[in-house]
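Down below is the structure, laid out as structure tokens.
The values are calculated or read from the model by the stated rules, or taken from the named source; none is laboratory data. Just so it is clear, the model here is predicted, and its values are computed rather than measured. Note: ideal-geometry Cβ built from the backbone for every residue, glycine included; neighbour counts use all protein chains shown.
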Amino acid sequence: MNILDPQIDNKTTPAEVLVGRKLRELRSQNGLSLRALADRSGLNINTLSMVENGKSSPSVSTLQQLALALDVPIATFFESEPVVKRVVFTPADQRPMAAFGKTQMQNLGQNLSGNVVQPFAVTLKPGSGSGDRMIVHTGHEFVYCLSGAVRYQIEQEEFILKPGDSLVFEAHLPHCWENQGENIAQILLILYPSDEREETGGRHFSLETIKKE
């Protein structure tokens, strides 16, 4: 499963509307009222109502709580009917892209079967990053800095990645990252979830807009 699906009409429909529609669909499929989903997810019922009605753009942490409550990958909120592939070739000028505020995230393995490897090319404007909360997910995470400088925090330890530097770590360790420099930074981010149902890429960003270029 993947964070983007080219079959979605995301050129004309705002991302928060798409997510809201999918949330309502998933909630109905599970036979849950807004109150029941609020109790199960730990989220405020007014927050859920605003998300469902396309009036609020949910944060990564909110999507994570909803995904856990509904027992689905985060990617489910952005999918229609995925086309599973055993081999994925992605030309440089045809990378599916999601824009999260000051961050661009390009999916290099869209529709790859098994969801075992999730590769992304990430471009970070100054001040952008994974958000305020520490991230936790299954499996391992690999990061390679292509340009600029990115600060990674894993538990209490900080790492400054510059071009050519890399990190590999167990992703259950709380982590976050940010471009604290004055220039645009780029990283190669590869996620290896131990649970194939889990789509971990979306946990690293706050959702604002989604588009396909």
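Would you tally the residues in segment 34-51 being closer than 13 Å to A69 by Cα and not in a helix (DSSP H, G or I)? Residues meeting the conditions: 2.
Of the residues G131, G109, G127, the single one that is free of Cβ contacts under 8 Å to residues at least 60 places away in the same chain and in a loop (DSSP other than H, G, I, E, B) is G127. Checking each residue in segment 144-157 for being farther than 16 Å from G131 by Cα and not in a loop (DSSP other than H, G, I, E, B) picks out Y144, C145, L146, S147, E157.
For (1) farther than 24 Å from T103 by Cα; (2) of a type in the set (V, I, T); (3) surrounded by 19 or more Cβ atoms within 10 Å (Cβ to Cβ), each residue gets a yes or a no:
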| site | (1), (2), (3) |
| --- | --- |
| R24 | yes, no, no |
| Q29 | yes, no, no |
| R35 | yes, no, no |
| A38 | yes, no, no |
| V51 | no, yes, yes |
| P58 | no, no, yes |
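Can you confirm whether G139 is in the same structural domain as V168 (by TED's automatic domain parsing) and farther than 21 Å from G164 by Cβ? Considered against the rule, which asks whether it is in the same structural domain as V168 (by TED's automatic domain parsing) and farther than 21 Å from G164 by Cβ, G139 comes out as yes.
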